[in-house]
Every structure is written in structure tokens, then in C-alpha cells.
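Below you'll find the structure, written out as C-alpha cells, and then a few comments.
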């Protein structure tokens, strides 16, 4: 019942996302504004603002601009449901897709467990991070794969 088209490897190249950068900036700016509206000691407000600026810097570099060393710039999903993540540093990381990944037409958040590592790795893919057709193909394959996994457990 499965098509050979969906059994072939899927290689995805990720690019920087303007939409995610702006959204991330707006959320952090709102958080800073709320901190300064609340009644806290000045030292606490400065500390919280500094932490939020660092948060924006690191998340923007990794997920929106894809410029940090650990930022994922390409994904490979092979015909055996194995994933490889490729980061800016040129490192190839084999990983397993977690079932709690989020799939929506405007945003994908793929959560990966890397064998031998305690912490999971997330790859944020906004709709402007890759061309429409590969993004659609990825969403369809993820949906088909999750339906097949549900059938396997039934």
C-alpha cells in the first residue's frame, strides 16, 4: 500500500527564517516590557532583562538564523526511517524522531533523541525555512509515518 515515492530518502535543506526571527524578537520584547511593568527591585529587573536578551540571542542564532555551530541546516530521512541531522559545523548526527514532535502547516517542531545522549534535540522549521514542496512532502511523510505507528500498536 505504500508508494515507492515515500520510501525514497528525503533530504531537506533548511534556511534562515525571517518569520521566526521576528516572532522570537516580539515575544522576548513583550517579556522584557512585562518585567519592567512589574514591581520588582531594579537589580532583579536588570538581571531578568539580561537573561531574556541572552535567550533571544541564543535561540535566534540556533533556530531562526541558523548560524550557531550546533544549528541544524539539513535533515536526511532515509527509507528505513532513520534520521541524520547536519549542523553548521559539518557534523553528521544520527537521531531518532520522537513521537511528541509537532506538525502544523505553518510550523514543525521535530524532537529527536540522539543515541548515547541524555538530552533531546529540537529542530524548529517555520514555513519560510524551506521551499513549499519539500515542506509539504515532509508533513505528508510524517503524517503517514504516525498513522502507520498507530496501526502497529493496535
field: segment 42-80: number of residues that are in contact with a strand residue (DSSP E or B) (Cβ under 8 Å, 6 or more places away or on another chain) and farther than 18 Å from residue 15 by Cα
entry: 1
message: If I ask for residues that are free of Cβ contacts under 8 Å to residues at least 40 places away in the same chain and either closer than 14 Å to residue 74 by Cα or in contact with a strand residue (DSSP E or B) (Cβ under 6 Å, 6 or more places away or on another chain) (or both), which ones from segment 101-120 would you list?
response: 102, 107, 108, 109, 110, 111, 112, 113, 114, 120
- prompt: If residue 66 satisfies every condition in (1) in contact with a helix residue (DSSP H, G or I) (Cβ under 8 Å, 6 or more places away or on another chain); (2) at positive phi but one, which is the exception?
  reply: (1)
message: Within segment 123-130, does at least one residue satisfy the condition of being more than 16 Å from residue 11 (Cα to Cα) and free of Cβ contacts under 8 Å to residues at least 60 places away in the same chain?
response: no
- request: Output the residues belonging to segment 68-100 that are under 20 Å from residue 137 (Cβ atoms) and assigned to a loop (DSSP other than H, G, I, E, B).
  value: 78, 79, 80, 81, 82
Tally of residues being surrounded by fewer than 15 Cβ atoms within 10 Å (Cβ to Cβ) and over 12 Å from residue 122 (Cα atoms) across segment 85-98: 5
- prompt: Which of the following residues is out of contact with any helix residue (DSSP H, G or I) (no Cβ under 6 Å at 6 or more places or on another chain), modelled with pLDDT of 95 or more and not assigned by TED's automatic domain parsing to the domain that holds residue 134: 47, 85?
  reply: 47
- line: Per the filter on segment 114-129, residues closer than 19 Å to residue 69 by Cα and assigned to a strand (DSSP E or B) are 121, 122, 123, 124, 125
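The values are calculated or read from the model by the stated rules, or taken from the named source; none is laboratory data. Computed from a predicted model, the values in this text were never measured in an experiment. So basically every Cβ, Gly included, is an ideal-geometry build from the backbone, and we count neighbours across all protein chains shown.
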